[in-house]
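Trainee: The structure follows.
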Amino acid sequence: MAPIESAGDGAFAEGASCVTLRMVPIREEECLSSKLLGHLAAGIPVKVLRAAETKPGEMRRALVEPATGPKGWITLSTTGQAMVGPETKKAGLSSLDQVKEGAQLETLRLLPVRAGEALSSQYIGQLQPRARITVLEIVSAHVPSSLRTNTLQRRARISCQAEQLEGWVSLSDSKGLMLVRMATTDQRRNSKAIPVPLDHSDTFSLKKKRDTAMGLLASARSGDFSKFQEIAEAQIQMQDSDDLSPTSPTSPASPARRRDNLDCCDARGRTPLMYASAFGNLSIVEYLLKKGEVYVNAMDDTQKTAALESAKQAQVDQDLMARASERLKQLKERDDAFDHLLEKIDEIQRNGSRNPEGLQGLQEALQRARETGVAEKELQRGQDVLDQEMPRAKARQLLREAEEESDPSALRNAIAIATTANLPVQELAPFEELLRGAESKEAAEAALKKAKESRDVALLKFALQQAKEAGVDATAISDAEQVLKVEGPKHEARELLKTQLEKVQGSGDHGPSLEDLNVLEQAIEKGKEVQLEETEYARAKEVLAQEQQRAMCRAEVAKVLEKVQEVDKSSMEAVEMAKEELSNALIAAKAVDVPSAALRQADAFRRRLHNTLEDLRGSIRVFCRMRPLSQREKDLKNTDVSQLVDSMTVELQRPAVGSFPNEPDQFNFDAVFKPGTQAEVFDTCKDLVQSAIDGYNVAMFAYGQTGAGKTYTMYGGKGDGEGTAPRTIAELYRLLKQEEDRVQFTIMASMMELYRNELVDLLTQKGGPKRKSQTPGSATVEQKLNVRTDQNGAVQIEHLSEEECKTAQALSDLLERGNQMRTVCATKMNSESSRSHLILTIRVVGVNKQTGQKLSGKILLCDLAGSERLKKSDVSGEAQKEAIEINKSLTALGDVMEALVKGSAHVPYKNHKLTQVMSDALGGTSKTLMFVNCSPASSNFEETLMTLKFATRAKNITNDVKRKMIAKGKSMPKA
Ligand SMILES: Nc1ncnc2c1ncn2[C@@H]1O[C@H](COP(=O)(O)OP(=O)(O)OP(=O)(O)O)[C@@H](O)[C@H]1O
């Protein structure tokens, strides 16, 4: 141990100022055996009064005058150790007394830091030389001076900010040499003291320790073995129980661990062993020597050991001294081995068994300790540490190997072993983290393999992403990427095919657009390009071929439709050709299942051409109209027995008999509406209005069962619901307006009903059964409405009032008036209005303003009474008579038609007033349109069937269409 400040030449010359470097005994005389005056603590300034030379140039003893205390002789230096040094301002600290709580110090050596003030307490770190510390607490400051011991006085609680360490250190060594000095002002300015409250329980334990130490020292001197033993055992017991306490900060294996009270010393550094040896108290010596923890080689302030004192006391002979010396040597070896063992244990406990050499060292230290006779208890402690650390070291080894090999199952195994070996959690955590990563890597590898096998692009993409994150092997990743490179475009092609096919197939009533078909074709090409299986795009190819064909047919229909728009409607040949061309295009389109909605416009135009042709041929046109099921019929669970085949064909399904379904009956007409809008229906027949203007007689009448929709078709409701009559009026005046510059028109209208074979004037209520003149104040005059036919076949009704209607409104008002009158009449006659035939006649007379040429046509609009089956209606009395009359009239109408169909020479117009009234509008030069109104309800099947059969009788009538002008052998100029 070298002094920190070595004395220079002349440092100890008389008059020199020095400072004690450690605790120095001061004696009365120069001789060492002279009376002891006391001790100078370390750091006490002394003035050298006289120095005695032991050898020339070598001063060992000097008379000094200390700053405090009596003058006396001290030893300046022992062999190799300076007791006094030159006073130095730099250190500024020569004694513990100068250190106060809160002082900023600088360490001069490596200092161990412990958790408690006792030297045996747990080691928590160390401070390097020149570390700056702040003194938080000094034990001596709180202990009464009578109880202060050298050891306690030098212990202080400090904090070191740089090391973030707080604990206990020794400020001087046991000899009083300062281990710290004051920090410079700068250093002090830069550091902050951490105030820590003092734990006063420490003070109590210090007092107890002090008492024990005093007791031991006193009984060792006096030789009171039993007292000594009593104190020592109590102390040992207490310390052992402290050691076992889980809350004790004391580490049993700390190298500095001693029975500190058995090793305690007084102010001169003398231990109980020294006293017992010096005073020849052998039983105490024996007792202490048995305690392996006692430091036998401790020296007092005169550098004497207990052994020396013992030998002196015993006045032993040389041989015994030699044996004693040998024994001392052994004991020293034992102590060294023990210290070494403790060091190793401490090292392992601080660092764990991470370093395998550490464990080896502990094994060797244990071996040496065993050989040198260290107490079994201490050996056991070492052995315990070894037993605990060996499996940990093994586990660590396994963990390291598994980590290096990146083997998840080995790592899992190593972690299990490490857990059993109680490896600290924080040490295990990184491996567990690694395992988690490895496990997810394993999972990612498996997922990647599966995705690769499935060749599913979405799975592959996901698995690749996961694999990259989990650090899966680069080859596996690149393999999967290769698969993705092939499958990606295939997947895209499949998706494109799928969406485009869905789009094309779900493109609604009008079929797919050409653009959609192009994209589907491209999708198929793409599929071929990326080598999809042929089966994968076979369906798309099939659909494409079909749709292309349909598109071609649609385009052809559109082209023909455009072309035939401009056809000359007065040329039968041209219209026929146009109709045929359009029909062929439509037939081709229907053959490839072009949706009917896509063909609706063309189909309607074909019908129109057909009707134009029929007109040109002079046929009666028959339009069939199926009304919708009424709510009542639906409530009665009636089904719809009719089916629209196309715009000119309807099917009627006879209700099944038992489980045998019947074949449906098909009927062809010039137009079929199911039910069609009022506008659609009128659009198909409005050219008849032009015919009337052109000089033709036109009849439009509705035939059908009661409630089949005759009145709805002929008159309808308001707005869009307006039927044929109001629309005819509007169309008539619209057309007249177009020609008013050239032609002077006169419109005359009359309205009558035919009830039970009697005509009733609905404008003046003339005629009918028991008619009387309604002219106010006039006498009752029978004014029967008689039907006359002139030589040209023109029908005239005697006494029927006819009114001129200059405007459409006037004609509408007339119609309204007539209808109201019809209701009044029906009420008077206690009948329903629908039990009569209602006839509105509009005469159109046009005179060419330039030529004076006159054209006369008429429009006869007739809402027939309902055709009833007497059996079904099951009526009697007046109602029965009504029904019989209605049937008569309708039969007569049927007969007329039949005669016309057959081309009979005689047409029985005169069989009934109805046919008489209609005679100039049925056949001959007239143009006739019959609406056949039907109910679709299953309960009305028989009536509907009869109605349709009645209508088909009229369908094939071919009239000799002749315009009156032609009849006169002239061309057909417009009126
Ligand atoms: N095309 C249609 N659309 C909607 N409803 C209709 C259609 N045709 C008829 N109807 C309804 O059916 C019911 C009967 O119609 P409507 O009175 O016209 O029959 P009708 O043949 O004139 O009977 P009647 O011989 O007794 O006069 C009415 O309520 C009518 O509104």
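The values are calculated or read from the model by the stated rules, or taken from the named source; none is laboratory data. This structure is a prediction, so every number in the text was calculated from the model and none was measured. So basically every Cβ, Gly included, is an ideal-geometry build from the backbone, and we count neighbours across all protein chains shown. With ligands, DNA and RNA removed, areas are computed over all heavy atoms of the protein, side chains included. Shrake-Rupley method; radii C 1.70, N 1.55, O 1.52, S 1.80 Å.
Trainee: Arranged from highest to lowest average of other beta-carbon atoms within 10 Å per residue, in what order do the peptides 791-801, 365-375, 271-281 appear?
Mentor: 271-281, 365-375, 791-801
Trainee: Skip the ligands, DNA and RNA, and give the accessible area per residue of region 843-950 with a 1.4 Å probe, whole Å².
Mentor: 40 Å²
Trainee: If I take R0 = 51 Å and measure r between the Cβ atoms of Gln363 and Leu36 in this structure, what FRET efficiency does the formula 1/(1 + (r/R0)^6) give, to the nearest 0.05?
Mentor: It comes out at approximately 0.55.
Trainee: Can you put His491, His610, His510 in order of accessible area, largest first, using a 1.4 Å probe?
Mentor: His510, His491, His610
Trainee: Which percent of the accessible heavy-atom area of region 347-422 goes to carbon and sulfur, probe 1.4 angstrom?
Mentor: The C+S portion of the solvent-accessible surface of region 347-422 is 46 percent.
Trainee: Taking the Cα-to-Cβ direction at Glu803 and at Met552 and moving 7 Å from each Cα, how far apart do the two end points lie in nm?
Mentor: Going from the Glu803 label point to the Met552 one covers 6.3 nm.
Trainee: Can I ask one more? Expected output is a single nm value to one decimal: the length gained when fully extending between Lys854 and Asp473, i.e. 0.36 nm times separation in residues minus the C-alpha distance. What is it?
Mentor: 126.8 nm
Trainee: Let me ask something else about it. Across 5 Å bins from the origin, how do the percents of Cα pairs in region 684-736 run, short distances first?
Mentor: All Cα pairs, binned at 5 Å, distribute as 5, 19, 26, 24, 15, 8, 2, 0 percent.
Trainee: Listed here are the pairs Lys528/Lys590; Lys441/Lys461; Lys737/Lys849; Lys710/Lys949; Lys344/Lys394; Lys858/Lys927; which of them are more than 22 Å apart at the Cα?
Mentor: Where the Cα-Cα span goes over 22 Å, the pairs concerned are Lys528/Lys590.
Trainee: Rounded to two decimal places and with Rh computed the Kirkwood way over Cα pairs, what is Rg over Rh for region 356-454?
Mentor: Reported Rg/Rh, Kirkwood definition of Rh: 1.25.
Trainee: Still on this model: In square angstrom, what is the accessible area per residue of region 473-616 with a 1.4 angstrom probe?
Mentor: Spelled out: the 1.4 Å probe surface of region 473-616, per residue, equals 57 Å².
Trainee: First compute the accessible area of region 473-616 with a 1.4 Å probe, then give the percent of it belonging to carbon and sulfur atoms.
Mentor: It is 49 percent, rounded to a whole number.
Trainee: Express in nm, to one decimal, how much length is gained between Ala588 and Lys461 on full extension, taking 0.36 nm for each residue of separation and deducting their alpha carbon distance.
Mentor: 40.8 nm
Trainee: At 0.36 nm per residue, and after removing the present C-alpha to C-alpha distance, how many nm does the segment from Arg109 to Gln631 gain when stretched out fully?
Mentor: 176.7 nm
Trainee: For region 567-709, what ratio Rg/Rh do Cα atoms give with a Kirkwood hydrodynamic radius?
Mentor: Reported Rg/Rh (Cα atoms, Kirkwood Rh): 1.02.
Trainee: Same structure again: Between Glu433 and Lys47, what is the label-point separation in nm under the 7 Å Cα-to-beta-carbon projection?
Mentor: Simple spin-label model gives 6.8 nm for this pair.
Trainee: Here are some pairs, Lys468/Lys490; Lys47/Lys312; Lys674/Lys913; which of them have Cα atoms lying more than 28 Å apart in this structure?
Mentor: Beyond 28 Å: Lys47/Lys312; Lys674/Lys913.
Trainee: OK, next. According to the square roots a ≥ b ≥ c of the eigenvalues of the Cα gyration tensor, what is the shape class of region 473-616, taking rounded for a/c under 1.5, prolate for a/b larger than b/c otherwise, and oblate for the remainder?
Mentor: Prolate.
Trainee: Would you calculate the separation in nanometres between label points at Ser571 and Glu680, each defined as 7 Å from the Cα along the Cα-to-beta-carbon direction?
Mentor: Reported label-point gap for Ser571 and Glu680 is 3.2 nm.
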